[in-house]
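A short worksheet on the structure shown next.
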Amino acid sequence: MAQQSKDGVRKQIELPFSEAVRISFQSLRIRFWRSMITTAGILLGIAFFVAVLSGNVISASMSKSETLRTVIDAPQSEGVSAQQIWLVVMSLIVCVVGIANSMLMAVTERFREIGTMKCLGALNKFVVELFLLESSFQGLSGALMGSIIGFISIMLLSLKDYGLDVFRQFPNYILGVLAYIGIACILGMVLAVIGAAGPAYRAAQLPPADAMRVDL
Amino acid sequence: MSEKRVTVKAEGVIKEYRMGGTVLQALKGVDVSIEKGEYISIMGPSGSGKSTLFNMIGALDEPTSGVVYIDDVNLLELSPAEIAWIRCWKIGYIFQSFNLLPVMSALENVTLPMIFAGVPVSERRDKAMELLTKVGLGERADHKPTELSGGQQQRVAIARALANGPAIILADEPTGNLDLKTGRDIINLLKEMNEEEDVTIISATHDLKMLDVSDRVVYIRDGMVEQIKNRAELEIEIGSVEGEESGHL
């Protein structure tokens, strides 16, 4: 063990980033089901978001191909798009609230753990780093799975509405859909990190005595 | 132990809590000094401020006014990174509710302070195993805290507190959640560490069994030091205290 007989107090070392990645991965793996539930919150929000937006792109490209045949459909599709905007806004709100709530709970229930880690010599920075990493992993995986589920469900719905035409039109809307999936992944990750950052930062700033007093 | 060195010193420590509009003074100016290698019990009824004092001398909270020194270093003058270093290397903590990380095995819990200290992987595993064996839990290293009894969890906590070879062990009601016999085992284990490793033990408690092993007892009442009794004064009282204890239980 290192020399401690000296009176000089040293600064606590900063742990390498790889150590934080390792611990946060382990922590997610060990509480797998708990983190799955948190991730499911993100997943649902993103699935809804992706479904609504891809639905827009798909129906737009479908109606474009239809207007070539029948012009009668055109005014109807405008009415639909106003409703779609409303749905997109709603899905965003669901997404933001759902993710923020999941992350808030996931961090708050671990205040005591944060206090304990600080007793054992963890720096505030390390605690925050750990939680931001965990939440970004959760955000990203939740958003990826949510995107896939959202896309599959909207494809099934479109299949019901438009029949096999949906597959024929595939090249026309896939780029638009992928763009939305990209946006959704970034959104899910950013929202998860923002949702976790607040409580994690607050818990890390607290003196350990206060953090450990918090009971849920 | 001819030369005695003061390891923890509190001077005029006041701690106030704001409860809504009123200010509650948990500590009203406490002076204590604790020598290296001592086994000190801080006694007092619940609400007397002993846990608050425990937090102050353990660098777990900042006093409203007053100064705490650990090995002649004024805690108020330290940066957060230096405080973290003190918590990591100088002090081992033991709590009434054990505070083990529930998702980690006994071994991983003991390893944690060594991770924060930057000890290499293989070295910290061996050291953790060695400590667990020392507290009698060598075979249960891979068990999660929920699979261990209260007494066993507290042993893991003691092993964890010893991980970085601290000079001071702070124990807040270490026997508070344990039955009589297990509590006695834990006290004996602490005493053993105190004698073998020359670790200073500071324990906030209202467990009378602690008196048997304490070098000095600091009595706290209403946020002030009521009296400090040393070993010799205690010897006289132990008989009556034990009578009282068996009367209670």
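Here are a few things to note about the model shown:
- Listed residues B:GLY49, B:GLY20, B:GLY150, most fluctuating in chain B (Gaussian network, C-alpha, under 10 Å): B:GLY20
- Basic side chains Lys and Arg get +1 at the Cβ, acidic Asp and Glu get -1 at the Cβ, and with that the dipole of the protein assembly as shown about its Cα centre reaches some 1460 debye.
- Assuming charge only on the beta carbon of Lys and Arg (+1) and of Asp and Glu (-1), the dipole of chain A about its Cα centre is about 640 debye to the nearest 20.
- Whole-number percent relative contact order across chain A, with pairs defined as alpha carbons under 8 Å at least 6 apart: 37
- Neighbourhood net charge (13 Å Cβ-Cβ; Lys/Arg +1, Asp/Glu -1) for B:ALA161: +3
- Ranking of A:ARG112, B:ARG216, B:ARG160 by count of other Cβ atoms within 10 Å, fewest first: B:ARG216, A:ARG112, B:ARG160
- At q = 0.08, 0.11, 0.13 Å⁻¹ the log10 of I(q)/I(0) for the protein assembly as shown amounts to -0.58, -0.88, -1.13, computed by Debye summation with a single uniform scatterer per C-alpha, solvent ignored.
- Residues in the stretch B:2-31 that a label on B:ASP72 would reach, taking backbone N under 18 Å of a point 7 Å out along Cα→Cβ: B:2-11
- Taking other residues whose beta carbon is less than 10 angstrom from the beta carbon of B:ASN99, and scoring Lys, Arg as +1 and Asp, Glu as -1, yields 0.
- Put a plus charge on the Cβ of each Lys and Arg, a minus charge on the Cβ of each Asp and Glu, and nothing anywhere else: the dipole of chain B about its Cα centre is then about 520 debye.
- Pairwise centroid distance, computed over Cα atoms, of the stretch B:1-68 with the stretch A:6-61, Å: 40
- Overall form of the stretch A:84-152 per C-alpha gyration tensor (a/c, 1.5; a/b vs b/c): prolate
- Remark: mean inter-chain Cβ contacts per residue of B:163-172 equal 2, using a 10 Å Cβ-Cβ cutoff to other protein chain atoms.
- Fewest-first ordering of B:ASP172, A:ASP165, B:ASP72 by other beta carbons within 10 Å of each residue's beta carbon gives B:ASP72, A:ASP165, B:ASP172.
- With the charge dipole of chain B set up from +1 on Lys and Arg Cβ and -1 on Asp and Glu Cβ about the Cα centre, the Cα lying farthest toward the positive end among the listed residues B:SER46, B:TYR93, B:VAL121 is that of B:VAL121.
- Computed over chain B with a Gaussian network model linking Cα atoms closer than 10 Å, the most mobile of B:ARG184, B:ARG18, B:ARG87 is B:ARG18.
- Most positive-pole-ward Cα, B:ILE158, B:ALA141, B:GLY183, against dipole of chain B from beta carbon charges: B:ALA141
- Fluctuation leader among A:PHE111, A:PHE25, A:PHE49 - chain A, Gaussian network, Cα springs under 10 angstrom: A:PHE25
- Electrostatic bookkeeping for B:GLU226 treats Lys and Arg as +1 and Asp and Glu as -1; over the other residues with beta carbon under 14 Å from its beta carbon, the sum is +2.
- With helices as the sole contributors, the protein assembly as shown gives -19500 deg cm²/dmol at 222 nm; each DSSP H run of n ≥ 4 counts as -39500 (n - 2.57), and the sum is divided by every residue.
- Distance histogram in 5 Å bins (all Cα pairs of the stretch B:30-180, percent per bin): 2, 9, 18, 20, 19, 15, 11, 5, 1, 0
Laboratory data are not the source of any read-out in this text; all were calculated from the coordinates shown. Since the model is a prediction, treat every value here as computed from it, not as a measurement. For neighbour counting, all protein chains shown are included, and Cβ atoms are generated from backbone atoms with ideal geometry for every residue, glycine included.
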